[in-house]
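The block underneath contains the structure these notes are about, expressed in structure tokens.
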Amino acid sequence: MSRRTRTHTAKGAAPTVHIPRQRGHRHGPQVIVVVSDEPTLTARAAAATGRWVWKHRRLWAPTGLAILLLPVTGVVHLITPWAALVAAPAAAVPLAVLGWKAKGRPVRTPAEAAWLTILAALATAGFTWFSLALWAGPFMPVLMGLWSLTTLAAQVIWLISRRSTKPATAPEGTR
């Protein structure tokens, strides 16, 4: 068996390195040749996209959750489509909470009432999509359209609400 180790690569994957035969003193210092691989344009673009997404991960939280929810719903649909019957009553919860809040105390401003109504409608649409996707499969064209609209609306509301609210800071002299 030869003392030299050569890697075998596919055609075009990396350049071939030829190690000349050692003559004379066989136990001399070993020569190691390292060939660096330049990343492809696709790898560079994927790395840049990954860094950008990681840097802005808080801004894109609703979209990330929606993208995660889509295949999870598909797997649950394949395993137990009857879970839609369990999840369907959850679609009425946001509207019930909105009605309970309106009955409990009056709304301070019309803008607050509008925000609560929009959030309740969006949550109802999300839970309705979730129930229908569990029953019929999330990749039906109608459900994909509803998923896209709900994700877009959630993302826009998320961005607007993050710009319009200031972060809470502690008063001077407190920790």
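The values are calculated or read from the model by the stated rules, or taken from the named source; none is laboratory data. What you see is a predicted model, and the numbers here were worked out from it, not measured in a lab. All Cβ positions, glycine included, derive from the backbone under ideal geometry; neighbour counts span all protein chains shown. The accessibility values were calculated without ligands, DNA or RNA, using every heavy atom of the protein model including side chains. Shrake-Rupley method; radii C 1.70, N 1.55, O 1.52, S 1.80 Å.
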Problem set entry | Tensor-based shape of region 41-175 (alpha-carbon gyration tensor, a/c under 1.5 rounded, otherwise prolate or oblate) | oblate
Seminar exercise, completed: With all protein chains in place and a 1.4 Å probe, THR49 shows an accessible area in Å² (nearest 10) of 80
Exercise. Just how much of VAL53 is accessible, in Å², when a 1.4 Å probe is used and the result is rounded to the nearest 10?
Worked result: 80
For this session: Starting from the Cα of LEU95, step 7 Å toward the Cβ, then list every residue of region 129-158 with an amide N under 16 Å from that point.
Result: 129-132
Problem set entry | Residues of region 78-152: accessible area per residue with a 1.4 Å probe, Å² | 66
Problem set entry | Heavy-atom accessible surface of region 40-91: percent carbon and sulfur, 1.4 Å | 78
Exercise. For VAL142 and ALA61 in one chain, what is 0.36 nm times their gap in residues minus the Cα-Cα distance, to one decimal in nm?
Worked result: 26.8 nm
Problem set entry | Selection of trypsin sites (Lys or Arg not before Pro), region 26-125, meeting DSSP coil and at most 10 other Cβ within 10 Å | ARG26, ARG57, ARG58, ARG108
